[in-house]
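In what follows, a structure is listed as C-alpha cells, so that the remarks can point back to it.
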Amino acid sequence: MTNDTSETASKDPTEVSASFFTSTETFRISPSVYLKIGAKKTLPLLLCALALPVAGCFAGAAFDLRWAFVGLILTTLVYPTLIAYVYYTRLLTAEAHRAVSPKKIEIHAPERIDIIYVSADDEAEPLSAETIGWPLLQSAVVSDDRLLIGIEGCRNPLVIPVDSFRNADDVNKLCSMIGNTVCRQS
C-alpha cells in the first residue's frame, strides 16, 4: 500500500508580495511639523519631570514661604535653561536638518529605503543620499496624513506625507511589509 501525499503550496491571502518598488514626489517637512512630532514623544515625560518639583515647592510653601520662592526660581530661571538645552541638543542637530530638507524617497521593499535629498535653492548643494536597510525599520504608523517610520537608532521617525506617494495603496502595502503589521491611525 503506497501513501501518496503531494503537498501543494498554498499562499496565505493575507501575505504580502515578496517585493515592490515605489517612490514619492519631492516633499519637505516643515520645522513646525518636526517639532510637533518630537514634542509628542518627549513633552509628556518632560512636563511631569518639571512639574513635580514645582508642585513640591508650592506644597512646602504652606509650611515655609521660602519654598514658594524656590518654586518661582525653578520656573523662571532653571526651567527656561533646561528647555533651551533640549532645543539646542534635539532640534539643532544634523538629524533635524535632514528631517526638514527637501527629499524624495525610493522604497525598494524588502531591501532598503533610499532618501535622495534635493537642493532647496539653486545655490545650495543638496545633502548626500542615505540608504536605510530594511532590518532597521521598526514600525509604521499613519498620523495626521503622514507616514511615520520608526528607525532603529534614530530619535525621531522618518516622516513621509501620505499625499506624496504616487499610489495611495503603496502606503498600506509598505506598512504591512514593515514588521507585518497593518498601518494604524494615531
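The values are calculated or read from the model by the stated rules, or taken from the named source; none is laboratory data. The structure displayed is predicted, hence computed values, not measured ones. Methodologically, a virtual Cβ is constructed for each residue, glycine included, from the backbone with ideal geometry; neighbour enumeration extends over all protein chains shown. These accessible areas exclude ligands, DNA and RNA; they are computed on the full protein's heavy atoms, side chains included. Shrake-Rupley method; radii C 1.70, N 1.55, O 1.52, S 1.80 Å.
Summary of computed values
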{"item": "Residue list for region 93-148, restricted to those being over 29 Å from residue 169 (Cβ atoms) and more than 16 Å from the chain's Cα centre (by Cα)", "result": "119, 120, 121, 122, 123, 124, 125, 126, 127, 128"}
{"item": "Looking only at region 8-38, and only at residues there that are of a type outside the set (Ser, Thr, Tyr), part of a loop (DSSP other than H, G, I, E, B) and at pLDDT below 90, the one that is most open to solvent (accessible area, probe 1.4 Å)", "result": "11"}
{"item": "Cross-chain or 6+ apart pairs with Cβ under 9 Å, region 162-175 first and open to solvent by 70 Å² or more (accessible area, probe 1.4 Å), then in a loop (DSSP other than H, G, I, E, B)", "result": "163/25; 163/145; 166/25; 172/182; 172/183; 173/16; 173/17; 173/167"}
{"item": "Filtered residues of region 142-153 (kept if open to solvent by 20 Å² or more (accessible area, probe 1.4 Å) and at pLDDT below 85)", "result": "144"}
{"item": "Single match in 58, 63 (criterion: modelled with pLDDT of 85 or more and either under 30 Å from residue 168 (Cα atoms) or outside any helix (DSSP H, G or I) (or both))", "result": "63"}
{"item": "Residue selected from region 141-167 under the condition out of contact with any Gly (no Cβ under 7 Å at 6 or more places or on another chain) and assigned to a loop (DSSP other than H, G, I, E, B), by the criterion farthest from residue 95 (Cα to Cα)", "result": "167"}
{"item": "Matching residues, region 99-121, being hydroxyl-bearing (Ser, Thr, Tyr) and without any contact (Cβ under 8 Å) to a residue 60 or more places away in the chain", "result": "117, 119"}
{"item": "Residues of region 106-138 satisfying the condition of being under 16 Å from residue 29 (Cβ atoms), modelled with pLDDT of 90 or more and surrounded by fewer than 15 Cβ atoms within 10 Å (Cβ to Cβ)", "result": "118, 130"}
